[in-house]
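The values are calculated or read from the model by the stated rules, or taken from the named source; none is laboratory data. For clarity, every value in this text was computed on a predicted model and none was experimentally measured. For neighbour counting, all protein chains shown are included, and Cβ atoms are generated from backbone atoms with ideal geometry for every residue, glycine included.
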Amino acid sequence: MDAAGEELADRVRALLTFGGDVEEKRMFGTRAFLVDGHILVGARSGGVLLVRVQEENGAALVTRPGVATAVMGPRTMGTGWLDVSPSATADDEALAFWLDVAREDASGLH
């Protein structure tokens, strides 16, 4: 992963402070942050944040500036996986918004 992805991973790590175990793993070229074995978010190359959400929420969130349906290799993922550009996570408040979205949706995913 590049420096922008590593910097994002550091920022995510610093902000993920909630009750429950957060596990960090390298997966598919992403630094993934998991809760109960399920991906919550991931820091990707270029400083792109991968966010896992419930599909109905993803369909609404993908309309926000800097957000697109995630692409992994040749495959475009469903609306439950979003790529959030660095411009949409430029400060800690914006990044915390996306972490909160992922955290809120996580309980409905497992």
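When the residues of the range 70-99 are filtered to those that are of a type in the set (Ser, Thr, Tyr) and at pLDDT below 95, which remaining residue is nearest to the chain's Cα centre (by Cα)?
The initial filter retains those residues of the range 70-99 that are of a type in the set (Ser, Thr, Tyr), namely 76, 79, 85, 87, 89.
After this cut, where a residue has to be at pLDDT below 95 as well, the list is 76, 79.
Numbers: THR76: 16, THR79: 13 Å.
If we take residues in the range 70-99 being of a type in the set (Ser, Thr, Tyr) and at pLDDT below 95, then THR79 is nearest to the chain's Cα centre (by Cα).
Among the residues of the range 22-66, write down those that are of a type in the set (Gly, Ala, Ser) and either in contact with a Ser or Thr (Cβ under 9 Å, 6 or more places away or on another chain) or farther than 24 Å from MET1 by Cα (or both).
Hits for the range 22-66 are GLY29, GLY42, ALA43, SER45, GLY46, GLY47, GLY58, ALA59, ALA60, GLY66.
Surrounded by 14 or more Cβ atoms within 10 Å (Cβ to Cβ) and out of contact with any Gly (no Cβ under 6 Å at 6 or more places or on another chain): which single residue out of THR63, THR69 fits that description?
Of THR63, THR69, the one residue that is surrounded by 14 or more Cβ atoms within 10 Å (Cβ to Cβ) and out of contact with any Gly (no Cβ under 6 Å at 6 or more places or on another chain) is THR69.
Just one of the listed residues (PHE97, PHE33) is among the aromatic types (Phe, Trp, Tyr), touching a helix residue (DSSP H, G or I) at 6+ places or on another chain (Cβ under 9 Å) and buried (at least 16 other Cβ atoms within 10 Å of the Cβ), and it is PHE33. Reported count of residues in the range 1-50, each being without any contact (Cβ under 8 Å) to a residue 40 or more places away in the chain and of a type in the set (Asp, Glu), is 5. Listed by first and then second residue, the pairs linking a residue in the range 58-69 that is under 18 Å from LEU99 (Cβ atoms) to a residue that is exposed (fewer than 13 other Cβ atoms within 10 Å of the Cβ), with Cβ atoms under 6 Å apart and 6 or more places separating them unless they lie on different chains, are GLY66/SER87.
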